[in-house]
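> I have a structure I would like to understand better, so I am pasting it below and will then ask my questions one at a time.
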Amino acid sequence: MIWRDDLDALQFAAGNGGNCIVHRLAFRVMRHDCIEFYEQNSVAFEAAAKAKIDNGDVHEGCNFHLNSRQIRNILTRGDWQRSCMTNLANDKPGD
């Protein structure tokens with residue numbers, strides 16, 4: 001995982017040979033908090049990326065973006081703690 005100043009976004013390896021990029025605005029917090037939130041929930045981010053790849057929305061080796069809705073959908077499934085989605089709970093349609 002790295003922070004891309006040029007994109008104002010977090011980037012991590014997506015498992016398809018490409019990278020997944022999550023813009024700072026998807027977190028609704030400052031950059032340091034984005035990195036901390038990712039580190040605490042990296043499994044959820046990777047699962048959201050895998051879901052997008054598995055849906056056929058991303059080709060092998062391509063980079064792609066996740067939005068807050070896609071991440072929140074993973075966080076709200078299973079045994080995730082409610083506190084993990086605090087920063088993603090208020091995103092608007094179209095984010």
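Coordinate-derived values only; no laboratory data. No experiment lies behind these values; they were computed from the predicted model shown. Here the Cβ positions follow ideal geometry from the backbone for every residue, glycine too, while neighbour counts run over all protein chains shown.
> If each of ASP54 and ASP33 carries a label point 7 Å out from its Cα toward its Cβ, how far apart are those two points in nm?
That separation, rounded to one decimal, is 3.1 nm.
> What Kirkwood radius, in Å to one decimal, follows from the Cα pairs of the stretch 33-82?
Numbers: mean 1/r = 0.0865 Å⁻¹.
Radius from the Kirkwood sum: 11.6 Å.
> Run the simple label-point estimate for LEU7 and LEU25 please: 7 Å along Cα→C-beta, distance reported in nm.
According to this spin-label approximation, the distance is 1.6 nm.
> Can you work out the Karplus-derived ³J(HN,Hα) for every residue in the stretch 42-59? Use 6.51 cos²θ - 1.76 cosθ + 1.60 with θ = phi - 60°, whole Hz, and x for glycine or proline.
4, 5, 5, 5, 5, 5, 5, 5, 4, 4, 5, 5, 5, 6, x, 7, 9, 7
> Per q in 0.18, 0.23, 0.28 Å⁻¹, report the Debye log10 I(q)/I(0) for the stretch 1-73, using one uniform scatterer on each alpha carbon and no solvent.
Those come out to -0.62, -1.01, -1.44, one per q.
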